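Take a look at the structure set out below.
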Amino acid sequence: MCVRFSALSIVFPAVECSDNLFAQRNGVIHSPDFPNSYPKSSDCLYRIELEEGFFITLQFEDSFDIEDHPEVTCPYDYIKITAGVKEFGPFCGERSPGRIETRSNIIHILFHSDNSGENRGWKLSYTAIGDPCPLLEPPPNGRIDPSQATYTFKDQVVITCNTGYNVLKDGVESESFQVECMKDGMWSNKVPVCQIADCKAPPRLEHGFATFSSPDNLTTFQSGIQYSCQQPFYQMMPNVSGTYTCNAKGFWQSPELGRRLPTCQPVCGKPRFSRSLLARISRGGHAQRGMSPWIAMLHRNGRPFCGGSLIGNRWIVTAAHCLHEELELEDPVPRSSSIISPSSFTIILGKHRTQRRDDTEQHMQAGAIFVHPSYKPATFEHDIALVALSEEARLNDYVMPICFPDSVLPKDTMVIVSGWGKQFLKRLPEALMEIEIPLTDHALCKEAYAKLQKVITDDMICAGEKQGGKDACSGDSGGPMVTLNNRTGEWQLIGTVSWGDGCGLNDRYGVYSNVLLALPWIKEVTGVDY
Ligand code: ARG
């Protein structure tokens, strides 16, 4: 028997049809050669093997034809299905088994044919589905994708929040969250919460403040805030509205600056007490309180020794020669060690009277000294220096910085020079003095000083009247020479008192360091740019 069987299989080799594994959730299986007649003497095994939790349903097509016998059940050819412990079939004949719900995840289909008969065979399609999970409600302000009436085993859904809300799960915020329907018909996780984006307390703005648009100080999505600067001594830069809105990502955002903050910059050159035309000084005289709020007194060993001007809220521009141990022109080239120590002098702002206390004064310490890199002590070229204050000046009606110059001024432009320097009687004045004088033609000034073998370089500006009289003098050095910019209405710093031959002599002029020329250096060192 064994021998005959093997001999037969050599003659009629059975088709290879037992290596069929189906691992997909859907598929189509049919007898070999379907719809042509299936081969003889074959044992075909088809396996559908899916993960536990799936239930496989078979659907046989109506076209079904397996060799039959009128009395005996499927003695020759048949199809038999095992589903775990359950068995379906054997099936044969021309009636399709139709639909079989196996409730199993592993199915073996055995198809046997003997050595005779001509039949077309069978074809089925199968699907696998798991148990449904409970209805899933989207969280408030969120949604579930994809949206379906029911979800079954292996279905995954993504929970996303509406714009301005974030998924919050176990204290962690994220863009979205995924849950999966598991084999036991339960969801892998609870539906997370959609939490509104929160911009939190707005970052603080130096010399400014934020006000909330909502009465209850909301910082959440779509809330608004308004930044303002401490008026009238600080102004917003750049000149923007200062309105910020909390965006969907939880950041304060402005239409002009995005996530960047504006800055509050000191207002310069606009004194509260301004000079009226009537009060203009003609002969020179005492200044009015608060009309030169940028002036600084440099004080050392109990007396004023130089002037300076406030720029920004923590820098003083003065003359380089003011910061040397010896102030004499004849000094040899000083080494850096001859620069006075920042702790050896005091800067007094809000000052008016020379020797007596003012209610408005602010005493400051110098943090550092920067002398112009091209300063030449022997010739007073680039006689300009910067002093960093160790703390910010408190800006008020008596303390306000001066603006930078913006263009070269023509000769005869009237400028104001102020200081606590010596008067002709070689006495210190009671209080701050000021003079109004015209700028001198550069060539004329050069010529006047050529007689004294003194060189007027391009970094120097001269001012004064030909007949003399009004001039700065010893002790005024470093102090401001200013003019009113009619276009902007702001006072700007043109020069700093530097040197001269005597004081107020005729055909001599006061010499000042040109601030416009030093401006790139000043801006670079101080970072001030208003
Ligand atoms: N070098 C002098 C000082 O130490 C200032 C001189 C100004 N003189 C003049 N005639 N403008 O104060």
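Quick notes
- Counting only Cβ charges, +1 for Lys and Arg and -1 for Asp and Glu, the dipole size of the stretch 25-105 around its Cα centre is about 280 debye.
- Label-point gap, in nm, between MET414 and ILE340 - each point 7 angstrom along Cα→Cβ: 3.4 nm
- Label separation (LYS190 vs ARG99): 3.9 nm, computed from points 7 Å beyond Cα along the C-beta direction.
- By the count of neighbouring beta-carbon atoms within 10 Å, fewest first, THR150, THR102 end up ordered THR150, THR102.
- The stretch 54-154: GluC sites (Glu not before Pro) in DSSP loop, at most 16 other beta carbons within 10 Å: GLU61, GLU71, GLU94, GLU118
- Judged by the ratio a/c of the largest to the smallest principal axis of the C-alpha gyration tensor, the chain counts as prolate, that ratio being 1.5 or greater while a/b is larger than b/c.
- Convex hull of alpha carbon positions in the stretch 396-530: directionally averaged projected area 8.9 nm².
- Residue-span extension gain [SER125 to HIS442] - 0.36 nm each, minus C-alpha spacing: 103.7 nm
- In this simple spin-label approximation, GLU137 and LYS86 carry label points 7 Å from Cα along the Cα→Cβ vector, and these lie 3.6 nm apart.
- Karplus 3J(HN,Hα) series, Hz, for the stretch 98-103 with 6.51 cos²θ - 1.76 cosθ + 1.60 (x for Gly, Pro): x, 9, 10, 8, 7, 6
- Charges were assigned to the Cβ only: +1 to each Lys and Arg, -1 to each Asp and Glu. The resulting dipole of the stretch 116-182 about its Cα centre is roughly 320 debye.
- Look at the dipole of the chain built from charges on Cβ: of SER37, SER174, LEU493, the Cα furthest out on the positive end belongs to LEU493.
- Among GLN148, LEU124, SER96 the positive-end extreme of the charge dipole of the stretch 78-213 (Cβ point charges): SER96
- Computed over the chain, the per-residue total of -39500 (n - 2.57) for DSSP H runs of n ≥ 4 gives a 222 nm mean residue ellipticity of -1500 deg cm²/dmol, rounded to 500.
- Among ARG120, ARG260, sorting on how many other beta-carbon atoms sit within 10 Å of each Cβ, with the fewest leading, yields ARG260, ARG120.
- Convex hull of Cα atoms in the stretch 80-220, direction-averaged projection (nm²): 14.9 nm²
- Residue order, fewest to most beta carbons within 10 Å, for ILE106, ILE56, ILE316: ILE106, ILE56, ILE316
- Test item: Cα-centred dipole of the chain, Lys/Arg +1 and Asp/Glu -1 on Cβ, debye: 3320 debye
- Here the gap between GLU391 and ASP216, fully extended at 0.36 nm per residue and compared with their Cα-Cα distance, gives a gain of 59.4 nm.
- Cα gyration tensor shape for the stretch 337-433, rounded if a/c is under 1.5, else prolate or oblate: rounded
- Unit charges at the beta carbon, dipole of the chain: most positive-side option, TYR398, LEU257, GLY224: TYR398
Every number in this text was worked out from the coordinates using simple rules, so none of it is lab data. Here the structure is a predicted model, which means the values were calculated and not measured. Every residue, glycine as well, gets a Cβ built from its backbone with ideal geometry; the counts of neighbours run over all protein chains shown.
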